Amino acid sequence: SLIPLRTPLSLSTKTPLPSFSSPTLSKGFSTYGSLTTQQTRLFSTSKEEKPPTVVESILKHNKEFVERKDYTAYKVDRYPQKKVVVLTCMDTRLSELLPRAMDLKQGDAKILKTAGAVVNYEFGSIMRSIIVAVYNLQAEDIIVVGHEDCGMAHLNSEEVLEKAKKRGVRPETINILKNSGVNLDHWLHNFESVEEAVTSSVEKIKNHPLLPKDINVYGMVMCPVTGKLTPLV
């Protein structure tokens, strides 16, 4: 015999929808069939990612740079084509401005950077680099390029040391350095005139006992906005 079919449940039935008696389930649903914010986060496949750090971005770009073989456009040898060494400031305004303003392309010059374009010590790392460039890399001209509105003109040794303390350097460490004969005030000394600072660096380079007398040493000041050079020495 035939079994009678049951009448299908109408979507418009007034029968109330079942509720969840389980505390776990009832807590998980705000209304029947809708997920709470907590559950949405739980079941969501997308995760909030932190923005990459500067170093991570650099490494990512570098990987792509090498894979694309972009480096082929920059291949030169180790010797400066214009046989010149440029000592300048580490100011970010000069990073691209200075080479363009001086018509220096990839491989044309050895460019050394330090705060204020200052040679503090005759046997420091800057002077050593200059000596190496002259004897091992065939450099014949040396140009010291300072710039207007240099941060070294406003440097205050006490302010720098106070900032160091706030960043975790212990006062005892600073006292030990001072008592050991390290003149931190002189080491962090500013200059009042960029022209005088450039001239002083030129004289230290020119009169260095290991520098040959046939090397030309020049001093100039650059405008960090327009790139204009003003020769001094």
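The values are calculated or read from the model by the stated rules, or taken from the named source; none is laboratory data. Since we're looking at a predicted model, the values are computed, not measured. Counting neighbours? That spans all protein chains shown, and the Cβs are built from the backbone with ideal geometry, glycine included. Each accessible area value is taken on the protein alone, full model and side chains, heavy atoms only, with ligands, DNA and RNA left out. Shrake-Rupley method; radii C 1.70, N 1.55, O 1.52, S 1.80 Å.
For the range 205-225, how many residues are open to solvent by 30 Å² or more (accessible area, probe 1.4 Å) and closer than 19 Å to Ala153 by Cβ?
Residues meeting the conditions: 2.
Do you know which residues across the range 191-204 are open to solvent by less than 40 Å² (accessible area, probe 1.4 Å) and either among the small types (Gly, Ala, Ser) or assigned to a loop (DSSP other than H, G, I, E, B) (or both)? Result: Phe191, Ser193, Ala197, Ser201. Suppose the filter is in contact with a Phe, Trp or Tyr (Cβ under 7 Å, 6 or more places away or on another chain), open to solvent by 40 Å² or more (accessible area, probe 1.4 Å) and either β-branched (Val, Ile, Thr) or in a helix (DSSP H, G or I) (or both); does Val233 pass it? Here the answer is yes, as Val233 does meet what is asked. Screening Ser180 with (1) of a type in the set (Ser, Thr, Tyr); (2) open to solvent by 70 Å² or more (accessible area, probe 1.4 Å); (3) under 30 Å from Lys213 (Cα atoms) gives one miss only, at (3).
If I ask for residues that are out of contact with any His (no Cβ under 9 Å at 6 or more places or on another chain), hydrophobic (A, V, I, L, M, F, W, C) and in contact (Cβ under 8 Å) with a residue 24 or more places away in the chain, which ones from the range 154-172 would you list?
Selection gives Val160, Leu161.
Beta carbons closer than 6 Å, at least 6 apart along the sequence or on distinct chains, pair a first residue in the range 196-209 that is over 17 Å from Phe123 (Cβ atoms) with a second that is among the aliphatic types (A, V, I, L, M) and open to solvent by less than 50 Å² (accessible area, probe 1.4 Å) for Ala197/Val118; Val198/Val144; Val202/Val144; Val202/Val217.
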